[in-house]
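The values are calculated or read from the model by the stated rules, or taken from the named source; none is laboratory data. It should be emphasised that the depicted structure is a prediction, and the values quoted were computed from it without experimental measurement. Quick reminder, even Gly has a Cβ in these numbers, built from the backbone with ideal geometry, and neighbours come from all protein chains shown.
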Ligand SMILES: [Zn+2]
(Lines give C-alpha, C1' and ligand atoms only; values in the text may rest on other atoms or scores of the structure.)
Protein backbone atom coordinates (compact mmCIF):
# COMPACT_ATOMS: atom_id res chain seq x y z
CA UNK A 1 0.00 0.00 0.00
CA UNK A 2 1.42 3.31 -1.01
CA UNK A 3 1.98 6.03 1.49
CA UNK A 4 0.69 9.50 1.60
CA UNK A 5 -0.12 12.15 4.12
CA UNK A 6 -3.61 12.40 5.40
CA UNK A 7 -4.30 16.10 4.71
CA UNK A 8 -3.29 15.52 1.12
CA UNK A 9 -5.58 12.54 0.88
CA UNK A 10 -8.37 14.52 2.46
CA UNK A 11 -7.90 17.21 -0.16
CA UNK A 12 -7.86 14.63 -2.91
CA UNK A 13 -11.16 13.33 -1.64
CA UNK A 14 -12.69 16.69 -2.33
CA UNK A 15 -11.02 17.41 -5.62
CA UNK A 16 -10.90 14.07 -7.34
CA UNK A 17 -14.00 12.06 -6.57
CA UNK A 18 -14.76 11.36 -10.18
CA UNK A 19 -11.25 11.11 -11.50
CA UNK A 20 -10.70 7.47 -10.79
CA UNK A 21 -12.82 4.42 -10.32
CA UNK A 22 -10.66 3.01 -7.59
CA UNK A 23 -12.52 0.24 -5.88
CA UNK A 24 -11.22 -1.87 -3.08
CA UNK A 25 -13.60 -4.34 -1.63
CA UNK A 26 -11.16 -5.57 0.99
CA UNK A 27 -10.89 -2.39 2.97
CA UNK A 28 -14.62 -2.23 3.32
CA UNK A 29 -14.89 -4.59 6.23
CA UNK A 30 -14.26 -7.88 4.50
CA UNK A 31 -11.13 -9.88 3.84
CA UNK A 32 -10.02 -9.13 0.33
CA UNK A 33 -8.01 -6.47 -1.44
CA UNK A 34 -8.98 -6.17 -5.07
CA UNK A 35 -7.52 -3.13 -6.73
CA UNK A 36 -8.66 -2.32 -10.21
CA UNK A 37 -5.46 -0.35 -10.51
CA UNK A 38 -2.43 -0.38 -8.29
CA UNK A 39 -2.19 1.93 -5.37
CA UNK A 40 0.94 3.49 -6.85
CA UNK A 41 -0.94 4.12 -10.09
CA UNK A 42 -3.74 5.69 -8.08
CA UNK A 43 -1.37 8.01 -6.29
CA UNK A 44 0.58 8.86 -9.42
CA UNK A 45 -2.66 9.74 -11.19
CA UNK A 46 -3.69 11.80 -8.20
CA UNK A 47 -0.42 13.72 -8.18
CA UNK A 48 -0.75 14.41 -11.90
CA UNK A 49 -4.30 15.59 -11.42
CA UNK A 50 -3.17 17.79 -8.56
CA UNK A 51 -0.64 19.43 -10.87
CA UNK A 52 -3.36 20.02 -13.45
CA UNK A 53 -5.73 21.40 -10.86
CA UNK A 54 -3.15 23.71 -9.31
CA UNK A 55 -2.20 25.34 -12.57
CA UNK A 56 -5.47 25.23 -14.45
CA UNK A 57 -3.87 23.23 -17.21
CA UNK A 58 -1.37 20.60 -18.11
CA UNK A 59 2.03 20.96 -16.55
CA UNK A 60 5.28 19.28 -17.40
CA UNK A 61 4.33 16.23 -15.33
CA UNK A 62 4.71 13.38 -17.82
CA UNK A 63 1.77 11.19 -18.73
CA UNK A 64 1.77 7.57 -17.61
CA UNK A 65 2.60 5.01 -20.24
CA UNK A 66 -0.33 2.87 -21.26
CA UNK A 67 1.79 -0.01 -22.47
CA UNK A 68 2.45 -2.98 -20.20
CA UNK A 69 5.97 -3.05 -21.65
CA UNK A 70 6.65 0.54 -20.83
CA UNK A 71 9.56 2.77 -21.64
CA UNK A 72 10.57 2.62 -18.00
CA UNK A 73 10.93 -1.14 -18.19
CA UNK A 74 12.71 -0.96 -21.53
CA UNK A 75 15.17 1.45 -19.94
CA UNK A 76 15.88 -1.00 -17.15
CA UNK A 77 16.86 -4.18 -18.99
CA UNK A 78 17.82 -7.36 -17.20
CA UNK A 79 21.24 -6.92 -15.65
CA UNK A 80 22.04 -10.64 -15.62
CA UNK A 81 21.27 -11.36 -12.00
CA UNK A 82 17.72 -12.20 -11.05
CA UNK A 83 15.68 -9.40 -9.56
CA UNK A 84 13.20 -10.35 -6.84
CA UNK A 85 10.28 -8.02 -6.13
CA UNK A 86 8.90 -8.66 -2.65
CA UNK A 87 5.94 -6.36 -3.24
CA UNK A 88 3.76 -7.38 -6.21
CA UNK A 89 0.02 -7.09 -5.54
CA UNK A 90 -2.10 -9.50 -7.58
CA UNK A 91 -4.65 -7.38 -9.47
CA UNK A 92 -7.76 -9.51 -9.62
CA UNK A 93 -9.80 -7.02 -11.61
CA UNK A 94 -7.38 -7.03 -14.51
CA UNK A 95 -7.92 -10.30 -16.42
CA UNK A 96 -4.65 -9.75 -18.29
CA UNK A 97 -2.67 -9.18 -15.12
CA UNK A 98 -0.77 -12.48 -15.01
CA UNK A 99 0.17 -12.17 -18.71
CA UNK A 100 1.33 -8.59 -18.23
CA UNK A 101 3.32 -9.62 -15.18
CA UNK A 102 4.98 -12.53 -17.02
CA UNK A 103 6.00 -10.31 -19.94
CA UNK A 104 7.60 -7.80 -17.60
CA UNK A 105 9.20 -10.67 -15.68
CA UNK A 106 10.80 -11.99 -18.88
CA UNK A 107 11.97 -8.54 -19.81
CA UNK A 108 13.61 -7.76 -16.48
CA UNK A 109 14.56 -11.29 -15.35
CA UNK A 110 12.37 -10.63 -12.34
CA UNK A 111 10.56 -12.89 -9.89
CA UNK A 112 7.57 -11.46 -8.05
CA UNK A 113 6.31 -12.39 -4.63
CA UNK A 114 2.65 -12.16 -5.62
CA UNK A 115 0.57 -10.87 -2.72
CA UNK A 116 -2.75 -12.62 -3.11
CA UNK A 117 -6.10 -12.24 -1.36
CA UNK A 118 -7.54 -15.50 -0.03
CA UNK A 119 -10.40 -15.33 -2.53
CA UNK A 120 -7.94 -15.59 -5.43
CA UNK A 121 -5.62 -18.15 -3.88
CA UNK A 122 -6.18 -20.86 -6.49
CA UNK A 123 -5.55 -18.83 -9.64
CA UNK A 124 -2.23 -17.54 -8.31
CA UNK A 125 -1.23 -20.97 -6.95
CA UNK A 126 -1.83 -22.42 -10.42
CA UNK A 127 0.14 -19.64 -12.15
CA UNK A 128 3.00 -20.16 -9.69
CA UNK A 129 3.07 -23.89 -10.44
CA UNK A 130 3.35 -23.12 -14.15
CA UNK A 131 5.95 -20.38 -13.68
CA UNK A 132 7.84 -21.28 -10.50
CA UNK A 133 10.80 -19.03 -11.23
CA UNK A 134 8.63 -16.02 -11.98
CA UNK A 135 5.77 -16.14 -9.49
CA UNK A 136 6.16 -16.91 -5.77
CA UNK A 137 2.73 -17.00 -4.15
CA UNK A 138 2.25 -15.00 -0.94
CA UNK A 139 -1.08 -14.97 0.90
CA UNK A 140 -2.91 -11.93 2.17
CA UNK A 141 -5.14 -12.46 5.20
CA UNK A 142 -7.23 -10.00 7.14
CA UNK A 143 -5.49 -10.56 10.47
CA UNK A 144 -8.64 -9.67 12.39
CA UNK A 145 -10.81 -12.24 10.61
CA UNK A 146 -11.89 -14.99 13.00
CA UNK A 147 -10.62 -17.68 10.61
CA UNK A 148 -7.32 -15.97 9.74
CA UNK A 149 -5.19 -18.87 11.05
CA UNK A 150 -7.21 -21.36 9.04
CA UNK A 151 -6.68 -19.26 5.94
CA UNK A 152 -2.94 -19.28 6.60
CA UNK A 153 -2.97 -23.08 6.85
CA UNK A 154 -4.86 -23.33 3.59
CA UNK A 155 -2.39 -21.04 1.87
CA UNK A 156 0.37 -23.33 3.09
CA UNK A 157 -1.43 -26.38 1.75
CA UNK A 158 -1.61 -24.73 -1.67
CA UNK A 159 2.14 -24.20 -1.81
CA UNK A 160 2.26 -20.58 -0.69
CA UNK A 161 5.67 -19.37 0.50
CA UNK A 162 4.83 -16.44 2.73
CA UNK A 163 2.31 -13.83 3.83
CA UNK A 164 1.71 -10.25 2.81
CA UNK A 165 1.13 -7.53 2.61
CA UNK A 166 -0.35 -7.64 6.10
CA UNK A 167 -2.03 -4.30 6.80
CA UNK A 168 -5.15 -2.47 7.95
CA UNK A 169 -4.99 -4.15 11.34
CA UNK A 170 -7.44 -3.23 14.06
CA UNK A 171 -4.71 -3.54 16.72
CA UNK A 172 -0.94 -3.07 16.69
CA UNK A 173 0.95 -5.87 14.92
CA UNK A 174 2.33 -7.24 18.18
CA UNK A 175 -1.13 -7.78 19.70
CA UNK A 176 -1.53 -11.22 21.29
CA UNK A 177 -4.55 -12.01 19.13
CA UNK A 178 -2.25 -12.22 16.09
CA UNK A 179 0.11 -14.77 17.63
CA UNK A 180 -1.52 -17.83 15.99
CA UNK A 181 -0.70 -16.33 12.59
CA UNK A 182 2.93 -15.73 13.54
CA UNK A 183 3.24 -19.21 15.09
CA UNK A 184 2.20 -20.76 11.79
CA UNK A 185 4.51 -18.51 9.75
CA UNK A 186 7.36 -19.43 12.10
CA UNK A 187 6.58 -23.14 11.75
CA UNK A 188 6.69 -22.78 7.97
CA UNK A 189 9.86 -20.59 8.08
CA UNK A 190 8.00 -18.10 5.93
CA UNK A 191 8.77 -14.60 4.75
CA UNK A 192 6.14 -12.15 6.00
CA UNK A 193 5.71 -8.70 4.44
CA UNK A 194 4.12 -6.10 6.71
CA UNK A 195 2.95 -2.66 5.64
CA UNK A 196 4.77 -0.12 7.83
CA UNK A 197 4.16 3.57 8.33
CA UNK A 198 1.63 6.00 6.99
CA UNK A 199 -1.25 4.45 5.11
CA UNK A 200 -3.57 5.72 2.41
CA UNK A 201 -7.13 6.60 3.39
CA UNK A 202 -9.66 4.73 1.28
CA UNK A 203 -12.89 6.38 2.37
CA UNK A 204 -13.48 10.06 2.79
CA UNK A 205 -17.12 10.28 3.78
CA UNK A 206 -17.54 7.25 6.03
CA UNK A 207 -15.83 6.21 9.24
CA UNK A 208 -12.79 4.05 8.66
CA UNK A 209 -11.07 2.03 11.40
CA UNK A 210 -7.55 2.29 9.99
CA UNK A 211 -4.58 4.00 11.66
CA UNK A 212 -0.95 4.04 10.67
CA UNK A 213 0.43 3.91 14.22
CA UNK A 214 -0.78 0.30 14.52
CA UNK A 215 1.52 -0.53 11.61
CA UNK A 216 4.63 1.14 12.97
CA UNK A 217 7.95 -0.51 12.16
CA UNK A 218 8.63 -0.57 15.89
CA UNK A 219 6.19 -3.47 16.33
CA UNK A 220 8.16 -5.71 13.98
CA UNK A 221 10.98 -6.08 16.47
CA UNK A 222 8.90 -8.08 18.93
CA UNK A 223 7.65 -10.39 16.19
CA UNK A 224 11.14 -10.95 14.77
CA UNK A 225 12.56 -11.80 18.19
CA UNK A 226 9.78 -14.10 19.29
CA UNK A 227 9.58 -15.88 15.95
CA UNK A 228 13.16 -16.18 14.72
CA UNK A 229 12.32 -18.42 11.77
CA UNK A 230 10.16 -15.72 10.19
CA UNK A 231 11.94 -13.41 7.77
CA UNK A 232 10.21 -10.15 8.65
CA UNK A 233 10.08 -7.56 5.88
CA UNK A 234 8.61 -4.12 6.47
CA UNK A 235 7.22 -2.42 3.38
CA UNK A 236 7.98 1.29 2.90
CA UNK A 237 10.77 1.36 5.52
CA UNK A 238 8.39 2.72 8.15
CA UNK A 239 7.72 5.93 6.21
CA UNK A 240 8.39 8.45 7.68
CA UNK A 241 10.08 6.75 10.67
CA UNK A 242 13.10 5.56 8.69
CA UNK A 243 15.45 5.78 11.64
CA UNK A 244 13.40 3.41 13.77
CA UNK A 245 13.04 0.99 10.86
CA UNK A 246 16.76 0.96 10.08
CA UNK A 247 17.79 0.53 13.70
CA UNK A 248 15.43 -2.40 14.17
CA UNK A 249 16.88 -4.00 11.04
CA UNK A 250 20.38 -3.35 12.37
CA UNK A 251 19.79 -5.33 15.55
CA UNK A 252 17.71 -8.14 14.13
CA UNK A 253 19.19 -10.45 11.51
CA UNK A 254 15.74 -11.52 10.31
CA UNK A 255 14.39 -8.00 9.64
CA UNK A 256 14.56 -6.20 6.28
CA UNK A 257 12.72 -3.31 4.63
CA UNK A 258 11.65 -2.33 1.15
CA UNK A 259 11.63 1.27 -0.10
CA UNK A 260 8.41 1.12 -2.08
CA UNK A 261 5.82 3.88 -1.80
CA UNK A 262 6.55 7.58 -1.83
CA UNK A 263 9.92 7.55 -0.06
CA UNK A 264 12.28 7.49 -3.04
CA UNK A 265 10.17 10.13 -4.75
CA UNK A 266 9.97 12.30 -1.62
CA UNK A 267 13.74 12.08 -1.08
CA UNK A 268 14.45 12.32 -4.80
CA UNK A 269 16.55 15.46 -4.48
CA UNK A 270 18.45 14.20 -1.44
CA UNK A 271 18.72 10.46 -1.81
CA UNK A 272 22.03 10.47 0.03
CA UNK A 273 19.97 11.07 3.21
CA UNK A 274 19.17 7.35 3.19
CA UNK A 275 22.80 6.76 4.22
CA UNK A 276 22.13 8.65 7.45
CA UNK A 277 19.74 5.87 8.47
CA UNK A 278 21.78 2.93 7.12
CA UNK A 279 24.98 4.22 8.66
CA UNK A 280 26.84 1.22 10.09
CA UNK A 281 28.58 -0.16 7.00
CA UNK A 282 32.05 -1.58 7.71
CA UNK A 283 31.74 -1.06 11.44
CA UNK A 284 31.18 -3.64 14.15
CA UNK A 285 27.87 -2.01 15.05
CA UNK A 286 25.60 -4.26 13.01
CA UNK A 287 24.45 -7.74 13.91
CA UNK A 288 24.95 -10.89 11.91
CA UNK A 289 23.16 -10.93 8.64
CA UNK A 290 22.43 -14.00 6.51
CA UNK A 291 24.51 -12.52 3.69
CA UNK A 292 27.41 -11.51 5.98
CA UNK A 293 27.67 -8.39 3.87
CA UNK A 294 29.36 -5.48 5.63
CA UNK A 295 27.11 -2.86 4.01
CA UNK A 296 24.23 -1.59 6.13
CA UNK A 297 22.24 -1.37 2.90
CA UNK A 298 22.10 -5.17 2.77
CA UNK A 299 19.13 -4.79 5.14
CA UNK A 300 17.07 -3.47 2.23
CA UNK A 301 15.22 -5.51 -0.40
CA UNK A 302 13.62 -4.51 -3.67
CA UNK A 303 9.87 -3.93 -3.61
CA UNK A 304 7.95 -2.11 -6.32
CA UNK A 305 4.34 -2.01 -5.05
CA UNK A 306 3.59 -1.24 -8.70
CA UNK A 307 1.80 -2.45 -11.81
CA UNK A 308 4.02 -4.37 -14.25
CA UNK A 309 4.46 -1.35 -16.51
CA UNK A 310 5.88 0.72 -13.64
CA UNK A 311 8.35 -1.73 -12.10
CA UNK A 312 11.21 -0.43 -14.25
CA UNK A 313 10.61 3.07 -12.94
CA UNK A 314 10.95 1.89 -9.34
CA UNK A 315 14.10 -0.03 -10.27
CA UNK A 316 15.53 3.20 -11.64
CA UNK A 317 14.69 4.94 -8.33
CA UNK A 318 16.51 2.23 -6.38
CA UNK A 319 19.53 2.53 -8.68
CA UNK A 320 19.59 6.31 -8.26
CA UNK A 321 19.64 5.78 -4.49
CA UNK A 322 22.49 3.25 -4.86
CA UNK A 323 24.55 5.83 -6.73
CA UNK A 324 23.70 8.66 -4.33
CA UNK A 325 24.72 6.53 -1.32
CA UNK A 326 27.71 4.76 -2.94
CA UNK A 327 26.18 1.37 -2.22
CA UNK A 328 28.76 -1.30 -3.09
CA UNK A 329 28.04 -3.66 -5.97
CA UNK A 330 27.80 -6.69 -3.67
CA UNK A 331 25.05 -5.01 -1.62
CA UNK A 332 23.19 -3.82 -4.74
CA UNK A 333 22.94 -7.43 -5.88
CA UNK A 334 21.64 -8.56 -2.50
CA UNK A 335 19.04 -5.80 -2.41
CA UNK A 336 17.75 -6.28 -5.94
CA UNK A 337 17.30 -10.02 -5.51
CA UNK A 338 20.31 -11.90 -4.16
CA UNK A 339 19.08 -12.20 -0.60
CA UNK A 340 15.54 -13.24 -1.48
CA UNK A 341 16.57 -15.47 -4.39
CA UNK A 342 18.72 -17.46 -2.02
CA UNK A 343 16.09 -17.77 0.64
CA UNK A 344 13.44 -18.75 -1.95
CA UNK A 345 15.76 -21.18 -3.76
CA UNK A 346 15.62 -19.32 -7.09
CA UNK A 347 18.25 -19.62 -9.82
CA UNK A 348 20.29 -16.58 -10.95
ZN1 LIG B 1 1.88 -1.03 2.00
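So the values come out like this:
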read-out	value
Residue in segment 269-277 that is over 18 Å from the mean Cα position of the chain (by Cα), away from the ligand (no atom under 15 Å from the Cβ) and more than 18 Å from residue 297 (Cβ to Cβ) present	yes
The one condition in (1) more than 12 Å from the ligand (Cβ to nearest atom); (2) touching a residue at least 60 places away in the same chain (Cβ under 8 Å); (3) surrounded by 24 or more Cβ atoms within 10 Å (Cβ to Cβ) that residue 197 fails to fulfil	(1)
Residue in segment 243-260 that is outside any helix (DSSP H, G or I), away from the ligand (no atom under 16 Å from the Cβ), farther than 25 Å from residue 112 by Cα and modelled with pLDDT of 95 or more present	no
Test for residue 309: is it touching a helix residue (DSSP H, G or I) at 6+ places or on another chain (Cβ under 8 Å) and surrounded by fewer than 22 Cβ atoms within 10 Å (Cβ to Cβ)	no
Breaking point among (1) more than 16 Å from residue 165 (Cα to Cα); (2) part of a helix (DSSP H, G or I), for residue 228	(2)
Identity of the residue in segment 221-235, in contact (Cβ under 8 Å) with a residue 40 or more places away in the chain and within 17 Å of residue 172 (Cα to Cα), that ends up nearest to the ligand (Cβ to nearest atom)	235
